[in-house]
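Structure first, commentary second.
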Amino acid sequence: MNILDDLKQQYKLGGIAHRLIYWNIACFLISFVVPGILKIFSVDIAILPYVSLSSNPADLLWKPWSFISYAFFHFDFFHILFNMLVLNFASQLFLTFFTQKQFFGLYLLGAVFAGLIFMASYFLMNIVAPIVGASAAIMAVLMAVTTYQPLMEVRLLLIGRVKLWHITAVLLILDLMQLRLDNMGGHISHLAGALFGYIYIKTLQNGNDMSVVVTKIIDYFANGFRTTPATPFKKVHKNYNRPVEQRTTSRIITKDKTQQQIDEILDKISQSGYDSLTKEEKDFLFKSGK
């Protein structure tokens with residue numbers, strides 16, 4: 001129970017990066033736990049086909065949400081483990097210079113852009129295949145902060161200090177080397193995400209923040225679901241139990257009078273000594289010190 005409370009507290013206090021990690025983990029668990037439970041009742045169903053992004057444009061007609069949902073699901077444990085480690089790393093660097101809203105907007109826009117490039121590439125090659133994973137969106141974040149601060153030094157375990165652009169370059173080279181191997185669509189989306197991260201920073205440096213589009217869309221839907229408009233604070237009068245109120249006020253006043261009397265006795269001691277006190281004053285001081 002304490003662990004669950006800690007997770008809830010971290011979710012509430014953590015920023016959007018921590019919440020994205022929680023969302024990705026939750027989606028991963030749903031995609032594997034729910035089918036496992038349904039199999040007990042002889043229901044065989046898979047979640048990933050409904051949330052993955054297909055290179056077939058016709059599939060968007062029945063699952064248009066896949067442009068976003070694919071960036072929150074993963075096909076196995078090591079897939080999500082690596083992605084969440086890189087997301088945590090990239091988000092900390094990005095949020096050093098930019099806001100939470102910019103981070104979330106870049107994550108979503110990077111996923112959409114990479115999805116479009118993936119679909120276009122596979123459509124031209126006449127290949128029909130799905131992709132899932134947050135890698136493209138994460139590469140957008142990592143490439144963005146690398147474009148903004150390429151010479152930033154980062155300490156890596158067992159390696160030491162390296163330049164940020166070295167890390168990003170290694171990841172991009174690995175994607176380029178594996179383009180002709182398995183998961184070509186995934187590597188194409190990674191490179192597309194990195195391209196969008198570069199474009200985002202260059203556009204931002206020219207005075208245009210593309211993440212504002214995401215913020216406006218979210219605000220629009222958030223305001224649309226409000227049942228009543230926000231109203232100024234109104235003072236509400238409640239009929240409290242009068243004797244309780246009086247006892248509370250009396251307790252505060254008594255405490256003030258007691259402290260005042262103690263101060264007067266201490267002043268008398270400092271001026272004339274303890275022996276100058278009357279028996280009543282000595283008794284009062286003794287009782288107040290208990």
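For this structure, a couple of remarks:
- Residue exposure proxy: Glu153, Glu280, ordered by other Cβ atoms within 10 angstrom of their Cβ from fewest to most, comes out as Glu280, Glu153.
- By other beta-carbon atoms within 10 Å, ranking Trp23, Trp62 with the fewest at the front produces Trp62, Trp23.
- Couplings 3J(HN,Hα) of the stretch 147-156, computed from phi: 5, 6, 9, x, 8, 4, 8, 10, 8, 10 Hz, in residue order, whole Hz [Karplus 6.51 cos²θ - 1.76 cosθ + 1.60, θ = phi - 60°; x for Gly and Pro].
- Cross-link pairs beyond the 26 Å C-alpha cut-off, checked among Lys8/Lys101; Lys101/Lys202; Lys8/Lys216; Lys12/Lys39; Lys63/Lys202: Lys8/Lys216; Lys12/Lys39; Lys63/Lys202
- Table column - 3J(HN,Hα) (Hz), the stretch 159-173, Karplus curve with 6.51, -1.76, 1.60, x for Gly and Pro: 10, x, 7, 9, 6, 4, 5, 5, 5, 5, 5, 4, 5, 5, 5
- Coil-residue trypsin sites (Lys or Arg not before Pro) of the stretch 132-228, DSSP, other Cβ within 10 Å capped at 10: Arg180, Arg226
- Hz values of 3J(HN,Hα) by residue in the stretch 110-115 - Karplus curve (6.51, -1.76, 1.60), Gly and Pro given as x: x, 5, 5, 4, 5, x
- Least to most buried among Tyr220, Tyr198 (fewest other Cβ within 10 Å first): Tyr220, Tyr198
Read-outs throughout are calculated quantities, based only on the coordinates presented, and are distinct from any laboratory measurement. These numbers come from a predicted model, not from an experiment. No Cβ is skipped: glycine too gets one built from the backbone with ideal geometry, and neighbour counts run over all protein chains shown.
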